[in-house]
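The next block holds one structure in the form of structure tokens; read it before the comments.
The values are calculated or read from the model by the stated rules, or taken from the named source; none is laboratory data. This is a predicted model, so every value here is computed, not measured. As a convention, Cβ positions derive from the backbone with ideal geometry for all residues, glycine included, and neighbour counts pool all protein chains shown. To get the accessible areas, we keep the full protein, side chains included, count just its heavy atoms, and leave off ligands, DNA and RNA. Shrake-Rupley method; radii C 1.70, N 1.55, O 1.52, S 1.80 Å.
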Amino acid sequence: MTRFGSPVPGAVVLALLVVGVGCQSSSRDEQVPESLCGTKVDRGLTEALLQPDGRVTERNEVDLRNPQPSSWCQAFVDGKGVLSLRFAWHPDAVDPFDIASSGDSVSRIGQPARVKAAYETTVGNNGAVATARCRTRIGSYFTLSALLADSDPVDRSHRADIENFMRAYFPATLATLGCVTSAT
């Protein structure tokens, strides 16, 4: 039988708390994927956009070995779409700002603005578009669009996270594609 005030129960409680916190962080790490749509990216950048409180899955229609003119990859948290990435290859250069600000655009990015980056990039409140020279059998340019699902296009709270993600994810995707390119 243990007496109240004994140092042993306090040590046991402390040990359980430390183990519990360790389990929480490792399960959180397991929720955030090491790669997204075939490209490795820092988990912190992905977590900022996905904000996972459940199981992260993806539906990836992108075939990097046999690229199509346009393919989608979507990230889900517990089955709910949270982020869509559109991979597009085309023969001519495009302006990401024009794509992001077009009413006909699939991106529907709120308040787009050009940002100074290694590649032509436009960032908005709920998404971004970047493009670069990337020669494949179906085109000479590659454009990536990222769009948060169910996001309010006037809410600026994710804008910095989107920009940070795109600054890392786009060049990593170019490397994954095997593009030898310079900023255009």
Seminar exercise, completed: Sorted by chain and then number, the residues having a modelled amide H within less than 5 Å of the amide H of Ser70, at least 5 places away or on another chain, are Trp89
Problem set entry | Whole-percent carbon and sulfur share, accessible surface of the range 111-184, 1.4 Å | 50
Seminar exercise, completed: Gyration tensor on Cα atoms of the range 30-184, a ≥ b ≥ c root eigenvalues, a/c under 1.5 rounded, else prolate if a/b beats b/c, else oblate, says oblate
Exercise. Where Lys and Arg each count +1 and Asp and Glu each count -1, what net charge lies around Phe170 among other residues with Cβ under 15 Å from its Cβ?
Worked result: +2
For this session: Might you tell me the accessible area per residue for the range 28-80, computed with a 1.4 Å probe and given in Å²?
Result: 60
